[in-house]
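To start, the structure under review is shown below, and the notes come after it.
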Amino acid sequence: MLVSLHTYLFGPVAGSISYSEFKRLVKEGRVESCQITSSLIRGTIKEDEIGLQKKKTFVTARVDDPELVKELEAKGIKYSGDYESTGIQKFLFTWIIPIGIFFLIWRFAFKKFGPTGGVMSFGRSKGKLYAQEDLKFSFNDVAGIDEAKEELSEVVEFLRTPHKFTNLGGKIPKGVLLVGAPGTGKTLLAKAVAGEAGVPFFSISGSEFVEMFVGVGAARVRDMFNQADQKAPCIIFIDELDALGKTRGINPIGGHDEREQTLNQLLVEMDGFDSNKGFIIMSATNRPETLDPALLRPGRFDRQVVVDRPDLNGREAILRIHTKGVKLDTNVNLKSIAAMTPGFVGADLANIVNEAALLAARRNKQTVGTSEIEEAIERVMAGLEKKKRLINKKEKEIVAHHECGHALVASSLSTTDKVKKISIIPRGVAALGYTLQLPTEDRYMMTKVELVDRISVLLGGRVAEELIFNEVSTGAQNDLEKASDIARRMVKYYGMSDKLGIVTFEQENKPAFLIGALGPKKEYSEETAREIDLEVKRIVDETYRKTKEILEKKKDMLIKLAKTLMEKEIIEEEELEKILNEEKEKKN
Ligand code: ADP
Ligand code: MG
Ligand code: ZN
């Protein structure tokens, strides 16, 4: 610290040089200026013409040298003496300030960890305990995520009357993981569960666990479980689990020991406690894919609840909640506001209402009008676009046609699963939209035709994009990967290629670590590998052509369907069938 303080105060130090060196520099005319004190000479060296030597400062001990001033004069070097005040300055900088800084750090550390316990209390949990009366949230404060609410009502039921469940010998979930995009209301939902059940609520954020001293996080976890044990029935809520629960042990130089220890402790505690005691661990994350798989095993966070972005009706309901305490103009129509805000999550909508109220206040209005709300939407939208959380109109159009492409192909082929739902509400982290197909029965075997049809459905999205927009987007990458994967399996494992015959070329289900470490062992020649590639390409290409034919014939229907989807954002099974039948009748 002292060294850096010096550098900060006196610029980059070239280091101390000997007096003779200093004299040489003076003679060569390379010194720019110097400052002579009673014991030191400090100065700067000129920059080289060629720029190799940057400007530097140097220090040298002063030697009694009566010639020096003359030489400096002769070379035209600027020099100055100094008062003895440097002594005081130096004292200040080397002693008083550092001591002051240390003192502040010490004060800070004590303040943070409590005045009495000091170091001894590092391990105490920082989990905030909310008293019941603080937990004023109930399910009425959460809207637009009804499916998640429904799933959690079982948890509420259990916390209210644990013995009712245990008497029947039922197994209670230990851990519930809420998964959803930021701002969809995961934290709110967890508090609402506690509020509904009327039980204490310990809340801590995953990032708070990752502290600076090894072992502290683990001790905190232990402490938190101890406290919860005494307060049961209750809820432990770990927000932002991903900060703590990232996959362990890929870091070659030992990794983040502290985080790993904390995570291990959490796993140990979760395995150790008896779920019939009456406490439940809830947790939230927006990045489930980064979580250590160990966290998701049975007996841990095995219950996962998806908290989706709200649809049109959901957004209206959320707006209704947040405008409750706001004086709105009578002509404000929440439904049309909901229609203007596709892709917005609960936090965004709360933000809009707040912004609009502020705007109205600034304009000295008595009520919040549509114009304020529209302006607030624009502001919030601009912020979200910067964060790449919203899709623009063109993208929405592409996604809509893409998804309808999947759905139309699926409903045109005889062997494919029924389409349950088409949606362009972004879900999870990556997908912009999705088409949900559910099998009508359990399948253990598939025929060649079925597999080809499946490829066809996967390609349907891309084909639709090409057909309507005459260009393709990057959105189909995952589909194409899956399609070629199926084709490759058909050729390599199932012997479904006429050209290569009924031979399998590789054993399936090799241990995964072998594939990573050594690469899959090939049991065939380069020649065959090439032929396999060609066969895979042929299957995909042929299916693509077939899919294109299907969709070309139904282009009108595709456009109609996509238009409906853009308006409603979600099309359910019955409505899809209705639209398809209407179009069919029109044709006849
Ligand atoms: P997350 O934890 O998923 O990031 P939060 O629960 O912190 O989101 O949500 C932030 C705020 O946004 C909440 O306090 C609430 O005011 C509002 N909000 C979010 N989702 C909803 C919802 N579904 N219903 C009502 N309000 C919501
Ligand atoms: Mg949160
Ligand atoms: Zn797709």
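The values are calculated or read from the model by the stated rules, or taken from the named source; none is laboratory data. Everything numeric in this text was worked out from a predicted model, so none of it was measured. As a convention, Cβ positions derive from the backbone with ideal geometry for all residues, glycine included, and neighbour counts pool all protein chains shown. Heavy atoms of the whole protein, side chains included, go into the accessibility calculation; ligands, DNA and RNA do not. Shrake-Rupley method; radii C 1.70, N 1.55, O 1.52, S 1.80 Å.
Values as computed for the structure displayed
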| item | result |
| --- | --- |
| Filtered residues of region 171-207 (kept if open to solvent by 30 Å² or more (accessible area, probe 1.4 Å) and without any contact (Cβ under 8 Å) to a residue 40 or more places away in the chain) | 207 |
| Wholly enclosed helices (runs of 4 or more DSSP H) of region 196-266 bearing at least 1 residues at pLDDT below 85 and more than 19 Å from the chain's Cα centre (by Cα) | 216-231 |
| Selection count, region 317-342, where residues are assigned to a helix (DSSP H, G or I) and either more than 19 Å from residue 181 (Cα to Cα) or basic (Lys, Arg) (or both) | 9 |
| Among (1) out of contact with any helix residue (DSSP H, G or I) (no Cβ under 6 Å at 6 or more places or on another chain); (2) modelled with pLDDT of 75 or more; (3) surrounded by 12 or more Cβ atoms within 10 Å (Cβ to Cβ), the one test that residue 80 misses | (3) |
| Members of region 540-588 that are more than 30 Å from residue 144 (Cβ to Cβ) and of a type in the set (Gly, Ala, Ser) | none |
| Hits in region 481-497 - residues which are over 11 Å from residue 455 (Cβ atoms) and among the acidic types (Asp, Glu) | 481 |
| Checklist (1) more than 23 Å from residue 542 (Cα to Cα); (2) more than 29 Å from the chain's Cα centre (by Cα); (3) modelled with pLDDT of 80 or more; (4) away from ligand 3 (no atom under 16 Å from the Cβ) applied to residue 451, failing item | (1) |
| Flag for residue 359 being within 16 Å of residue 376 (Cα to Cα), part of a helix (DSSP H, G or I) and away from ligand 1 (no atom under 11 Å from the Cβ) | yes |
| Counted residues, region 318-347 - those being of a type in the set (D, E, K, R), over 20 Å from residue 566 (Cβ atoms) and either in contact (Cβ under 8 Å) with a residue 12 or more places away in the chain or within 16 Å of ligand 3 (Cβ to nearest atom) (or both) | 3 |
